[in-house]
């Protein structure tokens, strides 16, 4: 338990640090004043001052903040800061970039972690090895057997399970000739994919051309050169962003059940389990959480960065600041929604723990 907490604090602390560092770096680039850069909330445990900024480590590690000078029009400037350094007095496009820099920093961190994994561990691919056959499926009728390794489809070499799946999907029901390795023999097998229903990772049913085979789970790690690691990191980061965004959309569409929403407790458990599996698993989860944090903060909820971006965009369109009363109301509503989400997520975490205890 203690080890899990330590790993969770380290991972979340690193993600929050980079998020706030994004805000801080762009604010300072524009010459805006920053009175405090804190990792964590609550009472300050230790701090030091460099220039005009106080750098602090606070007691509650699940958060952090950058105190920009003049964050609102009526904010009193701290001693030593000039009106020219006020955030509120800067053009809307500058404020937008400062706000957007936090989520962008999370995406950059996720990319960097994916690059470290690519250059340090290589690329893990699922091999086109048959682990199971669906009864009465095209594969079963064609005589494909468990343990067969697909070498080619219609004379096109196949090296991964994804390549095989893409070839089957692209067939549109046309007969395909598989070259499979069975023991020491290479055998041609002809099958005709059929249009069937399957479930996506989100539990939705979709129609697809299928052969009726299941993966054996066999994988292979391919070492990547320095040059190859960059496109691999780009592709993996985009996969994480796309998957995470789809998850948010499916949650809003109620495709993903609301009880699947997790909070800090679930994140801590996942971090602990990944740490036990090894450094690569922990880094992979860190990249995923970083992408989630970036997308979550871009949602158009007033208290989040996405809400502030919307305020800036509206101001740029109407060419005047949004009414302070309306902004204040929106911020309070956004804060209430965020707190309700946190309570709900924590409730789900507790329910999952209680259920696991009862099962155990």
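The values are calculated or read from the model by the stated rules, or taken from the named source; none is laboratory data. Just so it is clear, the structure is predicted and the values come from calculations on it, not from any experiment. Reconstructed Cβ throughout: ideal geometry from the backbone, glycine too, with neighbour counts over all protein chains shown.
Data overview
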item	result
Count of the stretch 1-56 residues which are touching a residue at least 40 places away in the same chain (Cβ under 8 Å) and not in a helix (DSSP H, G or I)	5
Count - residues of the stretch 306-326 that are crowded, with 17+ Cβ neighbours inside 10 Å and over 22 Å from residue 294 (Cβ atoms)	1
Tally, over the stretch 82-118, of residues that are farther than 30 Å from residue 227 by Cα, surrounded by 14 or more Cβ atoms within 10 Å (Cβ to Cβ), out of contact with any helix residue (DSSP H, G or I) (no Cβ under 7 Å at 6 or more places or on another chain) and at pLDDT 90 or above	4
Test result for residue 150, assigned by TED's automatic domain parsing to the domain that holds residue 189, closer than 30 Å to residue 177 by Cα, surrounded by 15 or more Cβ atoms within 10 Å (Cβ to Cβ) and in contact with a helix residue (DSSP H, G or I) (Cβ under 9 Å, 6 or more places away or on another chain)	yes
Strands (runs of 3 or more DSSP E) wholly inside the stretch 200-265 containing at least 3 residues that are surrounded by fewer than 12 Cβ atoms within 10 Å (Cβ to Cβ) and without any contact (Cβ under 8 Å) to a residue 24 or more places away in the chain	205-210
Flag for residue 142 being surrounded by 15 or more Cβ atoms within 10 Å (Cβ to Cβ) and within 28 Å of residue 301 (Cα to Cα)	no
